[in-house]
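What follows is a single structure, written as structure tokens, with notes after it.
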Amino acid sequence: MTKSDDLNGRVYDAPSNNWVYKVLPRAAWPYAQLARWDRPIGWQLLMWPCFWSSALAANSAAETGNLSVALFAFHLFLFFVGSVAMRGAGCTYNDLVDHDIDNEVLRTRSRPLPSGRVTRFEAKVFLALQALVGLLVLIQFNGFAIILGILSLAVVAVYPFAKRFTDWPQFFLGLAFSWGGLMGWAAMFGSLAWAPVLLYVGSVAWTIGYDTIYAHQDKEDDALVGVRSTARLFGDNTKLWLAGLYGLTLVLLLLGYAAADVGLLAYLGLIVAAVMFAWQIVVLDIDNPDQCLALFKSNTRVGAVIFVGLVLSLPFA
């Protein structure tokens, strides 16, 4: 009996009561699993830097009296749709690249490709459809933002291979997942400035931190198959590294806020985020996979707190 048979069409690391299994027909399950619709944490973490950057740009625009609330809301909608589509496309691409590796790791062996529930051709067609949705979203923005969005594909293409040649694949994930930190500002102004660049680099540090926690789930299997990660690199010093990475995130966001001249409530949001980061570091047990997953997922609440702080600092809030 195969792993996929044992799980009745589900995957090992996704909750069995997810909406995917309640709403979608069984034939659609493998595609939903390829796109990780049953695990929304991925698109949420991809979305938050987009939302931060949009809200940061909105604060800057409000200072000069040029804020369009309707445009700001429309951008948030586009970034939501784009995050779901492109995260799904990225996961599908990653699964195509990692097909053989996933078959050797317990947590990933039951995914649609290694379990044989989807062929490589079917996965490629599904990838193209999701990328098309992402393209339709992208072309709603100005020309500068469109070019900037296209440039991100270079980083996205490299990421799945990073674990084969560096101990820092989480850095490459950060470069890709944080790109929205530039896009929100570019969509509003058709240019970049120091504020979104600082936010982008801060988001990269954040991503390295939370994905290091996530990677501790797989460190034993990764060692067996030769997959490299910051979890394996940091080892017992992970808490110290997280303190540095999360601290860098807060400092860079603070500088970005100052450059954009945001309101007081945005800084209060950063204080709350700092407390949440500290809690993650204090309670982390790198040898407890279930806790590592829970702490990793808690970062969507960090993202939400930072975004809410930026929105509440706007004049209309």
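L151: free of Cβ contacts under 8 Å to residues at least 40 places away in the same chain, farther than 24 Å from A274 by Cα and not basic (K, R), yes or no?
Taking the combined requirement at face value, the residue satisfies it.
Residue-by-condition table, conditions (1) at pLDDT 95 or above; (2) on the phi > 0 side of the Ramachandran plot; (3) within 20 Å of the chain's Cα centre (by Cα):
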site: A266; (1), (2), (3): yes, no, no
site: I271; (1), (2), (3): yes, no, no
site: A278; (1), (2), (3): yes, no, no
site: V283; (1), (2), (3): yes, no, no
site: P289; (1), (2), (3): no, no, yes
site: F307; (1), (2), (3): yes, no, yes
site: V311; (1), (2), (3): yes, no, no
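Name the residue that is nearest to L250 (Cα to Cα), counting only residues in the stretch 278-293 that are assigned to a helix (DSSP H, G or I) and in contact (Cβ under 8 Å) with a residue 60 or more places away in the chain. Give the steps one after another, and end with the answer.
Start the filter on the stretch 278-293 by keeping residues that are assigned to a helix (DSSP H, G or I), which leaves 278-283, 289-293.
Next, from what is left, pick out any that are in contact (Cβ under 8 Å) with a residue 60 or more places away in the chain: 280, 289, 292-293.
Values: Q280: 15, P289: 26, C292: 22, L293: 22 Å.
Across the stretch 278-293, the extreme among qualifying residues is Q280.
Inside the stretch 237-265, can you point out the residues that are surrounded by fewer than 17 Cβ atoms within 10 Å (Cβ to Cβ) and not in a helix (DSSP H, G or I)?
Within the stretch 237-265, just D261 meets the criteria.
Only one of L132, L173 is in a helix (DSSP H, G or I), aliphatic (A, V, I, L, M), out of contact with any Ser or Thr (no Cβ under 8 Å at 6 or more places or on another chain) and under 19 Å from W43 (Cβ atoms); which?
The conditions single out L132.
Could you look through the stretch 299-317, keep only residues that are surrounded by fewer than 18 Cβ atoms within 10 Å (Cβ to Cβ) and of a type in the set (G, A, S), and pick out the one that is farthest from F51 (Cα to Cα)?
Looking at the filtered set, the residue picked out is A317.
Among the residues of the stretch 177-196, what is the count of those that are crowded, with 21+ Cβ neighbours inside 10 Å and part of a helix (DSSP H, G or I)?
12
From A193, A243, A205, grab the single residue that is modelled with pLDDT of 95 or more, more than 24 Å from L284 (Cβ to Cβ) and not aromatic (F, W, Y).
After ruling out the rest, the residue left standing is A193.
Say whether the condition of being in contact (Cβ under 8 Å) with a residue 12 or more places away in the chain and hydroxyl-bearing (S, T, Y) is met by at least one residue in the stretch 56-63.
Yes, because at least one residue in the stretch 56-63 is in contact (Cβ under 8 Å) with a residue 12 or more places away in the chain and hydroxyl-bearing (S, T, Y).
Could you grab the pairs with beta carbons closer than 8 Å, sequence gap of 6+ or different chains, first residue in the stretch 91-112 and within 13 Å of F126 (Cβ to Cβ) and at pLDDT 80 or above, second one of a type outside the set (D, E) and not in a helix (DSSP H, G or I)?
Pairs that qualify, where the first residue is within 13 Å of F126 (Cβ to Cβ) and at pLDDT 80 or above and the partner is of a type outside the set (D, E) and not in a helix (DSSP H, G or I), are C91/A35; C91/R36; T92/A35; D95/R111; P112/V11; P112/V118.
Need pairs with beta-carbon distance below 6 Å; first residue polar (S, T, N, Q) and within the stretch 184-198, second part of a helix (DSSP H, G or I) and at pLDDT 95 or above; sequence gap 6+ or separate chains.
none
The values are calculated or read from the model by the stated rules, or taken from the named source; none is laboratory data. Predicted model only: the values in this text are computed from it and were never measured. We place every Cβ from the backbone using ideal geometry, glycine too, and count neighbours over all the protein chains shown.
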